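Here the structure comes first, spelled out in structure tokens, and everything after it is commentary.
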Amino acid sequence: MSEKIVIFGYGPGGRSLTERLVAEGRRPLITQRSRPKDLPPGVDFMASDVLDAAAVLAVTRGATHIAITIGFEYSTPVWRKSWPVAMTNLLNAARETGAKTLFFDNLYMYGPQDEPISETTPYSSWGGKPAVRRAISDQWQAAVAKGEVVMSALRVPDFYGPGVSNSHLGDLVFGRLAQGKPGQLVASPDTLHDFAYIPDVARAMAFLLDLPAAEYGQVWHMPSAPTRTLRQLIALGAEALGQPARIQAIPQSLLPVLGFVTPLMRELHDMRFQFDRPYHIDGRKLTRRFGFEVTPFEVGIPQTALSYGRAVTPIPS
């Protein structure tokens with residue numbers, strides 16, 4: 001049977017996985033509501049809406065692999081409404097096709113933790129977006145336990161890299177620094193925090209897609225370079241850009257107040273546990289399985305910052 005890899009979503013995860021697979025000589029099919037403008041030559045596209053069950057089944061017909069790299073508006077009400085429907089439709093497709101299915105996931109379901117977060121860390125009872133991620137995790141893991149689908153998840157901490165504009169290390173930090181403006185943070189710059197480099201994430205996804213079916217059904221955590229503070233990471237990027245590492249940080253205590261006028265600040269306050277304490281992810285399971293080596297921050301951060309230096313987009317002061 002010929003290979004058919006269907007990638008749902010063409011954000012940073014889907015784009016990077018596509019680039020990785022194309023470099024390996026493979027030809028994935030990208031699907032989302034509208035055709036991306038920057039599809040690599042030879043990559044196929046078929047329009048679909050992940051909230052439309054029939055459309056999901058149509059685009060996955062004959063699939064051998066499914067990669068779920070979708071995202072929704074960063075809003076708890078939107079997530080509560082959309083994610084369970086999307087997961088139901090994707091699980092139906094995985095059942096119908098028998099395709100090996102990989103979910104590009106995050107780590108919200110663990111909530112506040114004071115120790116490194118591993119695959120065996122219990123979920124928290126934190127509400128909002130973590131509760132939604134907990135519910136959809138229960139959905140796919142129940143389907144795996146019943147033998148209905150062949151599926152795994154790669155859970156990824158905050159990620160960064162060229163083209164990852166919405167990262168904590170994206171437009172508002174390196175984009176502004178490239179213009180000689182202070183980087184802006186919604187966190188303390190002295191917080192220790194793990195970040196994954198998006199090309200590394202794509203490489204990990206490609207490895208996991210190619211595992212035999214017997215090794216599916218698992219959760220994997222994405223390893224990161226040794227943990228640094230935001231200030232240390234920003235300094236690396238500022239040095240590459242030849243700019244001072246100036247930072248404007250919004251205190252966490254102001255987020256509830258700002259949330260009354262800016263919905264995004266309300267949503268970020270819901271996730272404050274990621275930055276009000278050190279945030280460490282234990283990715284040793286994946287490292288041991290594949291001998292996986294991550295890109296050092298000394299390489300990834302300058303490459304990310306310089307991607308803004310090469311193509312500066314005006315950002316309002």
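The values are calculated or read from the model by the stated rules, or taken from the named source; none is laboratory data. Note that this is a predicted model, so its numbers are computed, not measured. In this analysis, Cβ positions are derived from the backbone assuming ideal geometry, glycine residues included, and neighbour counts consider all displayed protein chains.
Miscellaneous remarks
- Conditions (1) touching a helix residue (DSSP H, G or I) at 6+ places or on another chain (Cβ under 7 Å); (2) surrounded by fewer than 20 Cβ atoms within 10 Å (Cβ to Cβ); (3) outside the structural domain of Tyr108 (by TED's automatic domain parsing): number failed by Phe174: (2)
- One residue stands out in the stretch 65-111 among those that are in a loop (DSSP other than H, G, I, E, B) and either under 15 Å from Val6 (Cα atoms) or of a type in the set (D, E, K, R) (or both): the one that is farthest from the chain's Cα centre (by Cα), namely Gly98.
- Residues in the stretch 7-27 that are under 19 Å from the mean Cα position of the chain (by Cα) and assigned to a loop (DSSP other than H, G, I, E, B): Gly9, Tyr10, Gly11.
- Among the residues of the stretch 53-67, those identified as exposed (fewer than 15 other Cβ atoms within 10 Å of the Cβ), free of Cβ contacts under 8 Å to residues at least 40 places away in the same chain and among the small types (Gly, Ala, Ser) are Ala54, Ala58.
- Residue match in the stretch 18-29 (condition: free of Cβ contacts under 8 Å to residues at least 60 places away in the same chain and under 30 Å from Asp270 (Cα atoms)): no
- Residue-level check: of (1) in contact (Cβ under 8 Å) with a residue 24 or more places away in the chain; (2) outside any loop (DSSP other than H, G, I, E, B), Ala142 misses just (1).
- Flag if Ser82 is surrounded by 15 or more Cβ atoms within 10 Å (Cβ to Cβ), in the same structural domain as Leu211 (by TED's automatic domain parsing) and at pLDDT 95 or above: yes
- Qualifying position, being on the phi > 0 side of the Ramachandran plot, more than 17 Å from the chain's Cα centre (by Cα) and at pLDDT below 95, among Gly62, Gly42: Gly42
- The stretch 232-246: number of residues that are surrounded by 16 or more Cβ atoms within 10 Å (Cβ to Cβ) and either touching a Lys or Arg at 6+ places or on another chain (Cβ under 7 Å) or not hydrophobic (A, V, I, L, M, F, W, C) (or both): 2
- Sole exception among (1) in contact (Cβ under 8 Å) with a residue 24 or more places away in the chain; (2) surrounded by fewer than 22 Cβ atoms within 10 Å (Cβ to Cβ) for Ala99, by number: (2)
- Out of Ser48, Ser34, Ser2, sole residue that is of a type in the set (Ser, Thr, Tyr), modelled with pLDDT under 95 and part of a loop (DSSP other than H, G, I, E, B): Ser2
- Residue tally, condition assigned to a helix (DSSP H, G or I) and free of Cβ contacts under 8 Å to residues at least 60 places away in the same chain, over the stretch 174-214: 1
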